[in-house]
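**Student:** A single structure is presented below for examination.
The values are calculated or read from the model by the stated rules, or taken from the named source; none is laboratory data. Computed from a prediction, not measured in an experiment: that's the story for all the values here. When we count neighbours, we look across all protein chains shown, and the Cβ atoms used for this are built from the backbone with ideal geometry, even at glycine. Areas reflect the complete protein model, heavy atoms only, side chains present, ligands, DNA and RNA absent. Shrake-Rupley method; radii C 1.70, N 1.55, O 1.52, S 1.80 Å.
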Amino acid sequence: MSNISFKPLWSLVHRIKEWAATPAGQRVQRAISLLLSLVIIGLLVRAVADIGWSSLVDVLPPAPAFWLFFAAQYLAQPVADWLIYRPWWRLHPIDIGVFFKKHVLNEALFAYAGDGWLMAWAARRLNIPFDAANPPRIAGRGDNPGFDPAANPFAAVKDVAITSGLAGNLFTLLMLLLALGLGAASTLEDTLAPDLLKQGSAGFAVLVALNIAILFNRNRLFTLPVRANIHSFLLHFGRVSLSHALIVGTWMVALPEVGLSAWLLLGALRLVISRMPLPNKQLLFAAIAASIAGDAAPALAALMAAQGVLTIAGHALTWFLAEAMQRRPAPAAP
């Protein structure tokens, strides 16, 4: 696939990079950082106000295991990203702050906002020149063995995003099989309208077909060497699996009266519904949770709302921590 169509994009990126290095550009970057910090704090205050401080304190269990599981689940994404990019870009432990910001941008703003920011950061860190006449190849490796992720951070971020999606979809498919084995079919039929169930099933089937198409066209879509893509996929699959186990673990610790099979079914359906093209996914999941958790459904709904507040608090904490990390002098090259 030709890269000619990308030249206007790289030319624009080059101009933005030059402008960002000017005093005015640096002031704007600081202003954006401050604005995002205020947005995160505003979201946190609003989320707490919606629930109420007393309700938040009442619903969150004091058990250390709950807080340990939740913190580990939150950190799984940035830690996995750091482990993936560390050998490619010769990262230091303090560079995990970069992936804190990436995670917050993706979650608090919009999907892949953090990936775009990471591309720009890596280009500066690795001193990658922006040559509009000879843009880096990101369309695919073709018949080549693959391109060095240290020399082409744009392709590295793009490939990692694809492998992350593949890992998440594969794990969701495995959880769907588990859910079906635990009786999810009858639960979904009782909770969802027939047309909505057909729509969601068709959408999930399309998602599976799309992933199969990606694998068959991997040389056109992936740019890095096969070994690098496998490295990324395995770490992301481990991250998705661990995150899922940890979030279910928080539910089990907070509401031990609900049986293990119910938690396994609910956790599996949570992943499946999140990837179905359905409206009002949170309401649908709440309805399913009510049918599965029984008398514990109100407590479960309150717990999930509280965990949403904790996630925003995690965004605020890690953002400010990342800001502090980035203000420290860069360590010497390893």
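**Student:** Looking only at the range 134-165, how many residues end up being open to solvent by 20 Å² or more (accessible area, probe 1.4 Å) and either assigned to a helix (DSSP H, G or I) or among the hydroxyl-bearing types (Ser, Thr, Tyr) (or both)?
**Tutor:** Within the range 134-165, residues that are open to solvent by 20 Å² or more (accessible area, probe 1.4 Å) and either assigned to a helix (DSSP H, G or I) or among the hydroxyl-bearing types (Ser, Thr, Tyr) (or both) number 5.
**Student:** While we're on this one: Just a yes or no: is a residue in the range 109-122 in contact (Cβ under 8 Å) with a residue 60 or more places away in the chain and under 15 Å from the mean Cα position of the chain (by Cα)?
**Tutor:** Yes, some residue in the range 109-122 is in contact (Cβ under 8 Å) with a residue 60 or more places away in the chain and under 15 Å from the mean Cα position of the chain (by Cα).
**Student:** Scan (1) modelled with pLDDT of 85 or more; (2) closer than 25 Å to ASP50 by Cα for the single condition LEU283 breaks and write down its number.
**Tutor:** Tallying (1) modelled with pLDDT of 85 or more; (2) closer than 25 Å to ASP50 by Cα, LEU283 fails exactly one: (1).
**Student:** Which members of the range 303-314 meet the condition of being of a type outside the set (S, T, N, Q) and open to solvent by 10 Å² or more (accessible area, probe 1.4 Å)?
**Tutor:** Residues satisfying the conditions are MET304, ALA305, GLY308, LEU310, ILE312, ALA313, GLY314.
**Student:** Quick test for you: out of MET276, MET252, MET325, pick the one residue that is at pLDDT below 85, of a type in the set (A, V, I, L, M) and over 19 Å from SER186 (Cα atoms).
**Tutor:** Result: MET325 is the single residue among MET276, MET252, MET325 that is at pLDDT below 85, of a type in the set (A, V, I, L, M) and over 19 Å from SER186 (Cα atoms).
**Student:** Identify all residues within the range 253-265 that are open to solvent by less than 20 Å² (accessible area, probe 1.4 Å) and closer than 14 Å to LEU180 by Cβ; write none if there are none.
**Tutor:** LEU265
**Student:** Take the conditions more than 25 Å from ILE94 (Cβ to Cβ) and modelled with pLDDT under 85 and apply them to LEU221. Does it pass?
**Tutor:** Against the criterion (more than 25 Å from ILE94 (Cβ to Cβ) and modelled with pLDDT under 85), LEU221 does not qualify.
Yes/no per residue for (1) farther than 19 Å from ILE84 by Cβ; (2) open to solvent by 60 Å² or more (accessible area, probe 1.4 Å); (3) in contact (Cβ under 8 Å) with a residue 12 or more places away in the chain; (4) over 18 Å from the mean Cα position of the chain (by Cα):
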residue: LEU210; (1), (2), (3), (4): yes, yes, no, yes
residue: ALA213; (1), (2), (3), (4): yes, no, no, yes
residue: PHE216; (1), (2), (3), (4): yes, yes, no, yes
residue: ASN219; (1), (2), (3), (4): yes, yes, yes, yes
residue: VAL226; (1), (2), (3), (4): no, yes, yes, yes
residue: SER241; (1), (2), (3), (4): no, no, yes, no
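**Student:** Enumerate the helices (runs of 4 or more DSSP H) found wholly within the range 22-123, keeping only those where 3 or more residues are open to solvent by 70 Å² or more (accessible area, probe 1.4 Å) and out of contact with any strand residue (DSSP E or B) (no Cβ under 9 Å at 6 or more places or on another chain).
**Tutor:** Filter on the range 22-123 gives 23-51, 53-59, 64-89.
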